[in-house]
Structures are given as C-alpha cells and as structure tokens.
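Undergrad: Pasting a structure here, questions to come.
The values are calculated or read from the model by the stated rules, or taken from the named source; none is laboratory data. Here the structure is a predicted model, which is why all the values come from computation and not from measurement. Glycine gets a Cβ as well: all are built from the backbone with ideal geometry, and neighbour counts include every protein chain shown.
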Amino acid sequence: MRYQVSVVPIIQMTVSQESRIKTYVMELPDAGSVNAGLWRQFLAVRDDPTLQRTHYFAGRYENIYVPEDRMPALKPVLQAASQGAERYLGKPVAGLSAGFWLNEMGPGHMTLPHHHDEDEEQVSGVYYIRVPDDSGDLLLKQGVDCLRITPQEGLFVFFSPRVMHEVTRNNSDKVRLSVGMNFGVR
C-alpha cells in the first residue's frame, strides 16, 4: 500500500520563481506523531558504538547509519520519500530504492558544502524530524543560483544529487535531526 502524501504549496521553491534549481517539496501527513516516534527511537540508539558513522567534519559525524529495523517509525517516511522521488523525476522508476542516514546537528554545528553525484543517484532528499527555531537552513547552490530553504518538521525536500548543498549553523540550543536520502536504481 502506498502512503498518502500532501504537497505543500511553497511558492518560493518553485523552479520558475526565485531559482532555476529544481526542487520538489511535500509534507508527511501525521508528521507530529511519526516524528515523536522517530525521536524516541533515535534517542534509544544514538550512542550505540556499533552504528556506522561517516563524514567526520568540524568535530562531528555528519552521517549516522541506523538499520531500518532499529527505527521502525522510519517506514512511513521512506515509503512517502519513494513517492516524492518519483514525483521529482516526473515518472515511476522501476527498481528505484533509497539509501538513507540520519543527520544529528547539535548547537553550533553545520553541514559543509557537498553533493551526492558519485554513485549514479538520480534524486537526493531530506526529511525533517526535529527542527528547533534557528537551527540552520538548507542552501542549494547551482552555478550562480542559490536557494535557501528554512526547514519545518514533517517537510521533505527533493533535489538533484549534482546540486551543491549545505546546512547553515544551528544557532539554537537544541539538537536538530533529519534523514538524508539518495535514490537510485540498484
């Protein structure tokens, strides 16, 4: 069964408005209860030394890989994300699958500029679980274009893996948590 999603009409994120950077933005229904479960499950596993962690920059690992069975609340997020990736692409794609990781940003942390085009990915995306006020914006950069997106809990943002992106400093005194994703045919 496919998960129902609703599209959030955010005019400043349309390709033809402020930027030529293609994005697809949608919201997860019932995100409040889903995110509460995700946060609880993350807190239960976050200090597990057996979890794979990569991309160590500025005193933290940017990517934390938690197996799906350790965070079952991810299921509706990943189902909706697959639909969002297909909507971004404008068509169903046989065999499209997601790789995902968690990004925990404590106070003062940021995510450095990077892109995801090294492994034949077709779509990159992010889903926001916990977003305190002033905890960092997503910057998408392509050529001279820059699109600044202020995240909201329950929001998905999909974009090309070739687009350079980063997250500005978390100026809050709380942890921000998101799920990063890449979609490709594997």
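Undergrad: Working carefully through the options 118, 166, find the one that is in contact with a strand residue (DSSP E or B) (Cβ under 7 Å, 6 or more places away or on another chain), over 22 Å from residue 33 (Cα atoms) and at pLDDT below 95. Give the steps one after another, and end with the answer.
TA: Details: 118 fails: in contact with a strand residue (DSSP E or B) (Cβ under 7 Å, 6 or more places away or on another chain).
One residue alone meets the criteria, 166.
Undergrad: When region 69-120 is examined, which residues are found to be among the aliphatic types (A, V, I, L, M), under 26 Å from residue 174 (Cβ atoms) and buried (at least 16 other Cβ atoms within 10 Å of the Cβ)? Talk me through it step by step, then tell me what you get.
TA: Taking region 69-120 and keeping what is among the aliphatic types (A, V, I, L, M), we get 71, 73-74, 77-78, 80-81, 85, 89, 93-94, 96, 98, 102, 105, 110, 112.
From what is left, the residues that are under 26 Å from residue 174 (Cβ atoms) are 71, 73-74, 77-78, 80-81, 102, 105, 110, 112.
Result: 71, 73, 74, 77, 78, 80, 81, 102, 105, 110.
Undergrad: Scanning region 149-183 for residues that are among the β-branched types (Val, Ile, Thr) and touching a residue at least 40 places away in the same chain (Cβ under 8 Å), which turns out surrounded by the most Cβ atoms within 10 Å (Cβ to Cβ)? Steps first, please.
TA: Step one: of region 149-183, the residues among the β-branched types (Val, Ile, Thr) are 149-150, 157, 163, 167-168, 175, 179.
If we keep only those that are touching a residue at least 40 places away in the same chain (Cβ under 8 Å) too, we end up with 149, 157, 163, 167-168, 175, 179.
On the way: 149: 21, 157: 26, 163: 20, 167: 23, 168: 15, 175: 18, 179: 23.
Step by step, filter region 149-183, then rank; the result is 157.
Undergrad: Can you run down the residue pairs with Cβ atoms below 6 Å, 6 or more apart or on separate chains, where the first is in region 95-114 and without any contact (Cβ under 8 Å) to a residue 60 or more places away in the chain and the partner is buried (at least 19 other Cβ atoms within 10 Å of the Cβ)?
TA: Note: pairs meeting the criteria are 111/62; 111/167.
Undergrad: Considering region 50-63 alone, what residues qualify as being part of a loop (DSSP other than H, G, I, E, B) and closer than 16 Å to residue 109 by Cα?
TA: Within region 50-63, the first condition is being part of a loop (DSSP other than H, G, I, E, B), and the residues that meet it are 50-51, 58-59.
Within region 50-63, 58, 59 meet the criteria.
Undergrad: Select, from 117, 47, the only residue that is more than 19 Å from residue 135 (Cβ to Cβ), assigned to a loop (DSSP other than H, G, I, E, B) and either touching a residue at least 12 places away in the same chain (Cβ under 8 Å) or of a type in the set (Lys, Arg) (or both). Even if it seems obvious, please write down each step before you answer.
TA: Values: 47 fails: either touching a residue at least 12 places away in the same chain (Cβ under 8 Å) or of a type in the set (Lys, Arg) (or both).
Exactly one of 117, 47 is more than 19 Å from residue 135 (Cβ to Cβ), assigned to a loop (DSSP other than H, G, I, E, B) and either touching a residue at least 12 places away in the same chain (Cβ under 8 Å) or of a type in the set (Lys, Arg) (or both), namely 117.
Undergrad: What do you reckon, is residue 87 over 14 Å from residue 23 (Cα atoms) and over 12 Å from the mean Cα position of the chain (by Cα)?
TA: no
Undergrad: Quick one: in region 121-148, of everything that is β-branched (Val, Ile, Thr) and crowded, with 20+ Cβ neighbours inside 10 Å, which residue is modelled with the lowest pLDDT?
TA: Looking at the filtered set, the residue picked out is 123.
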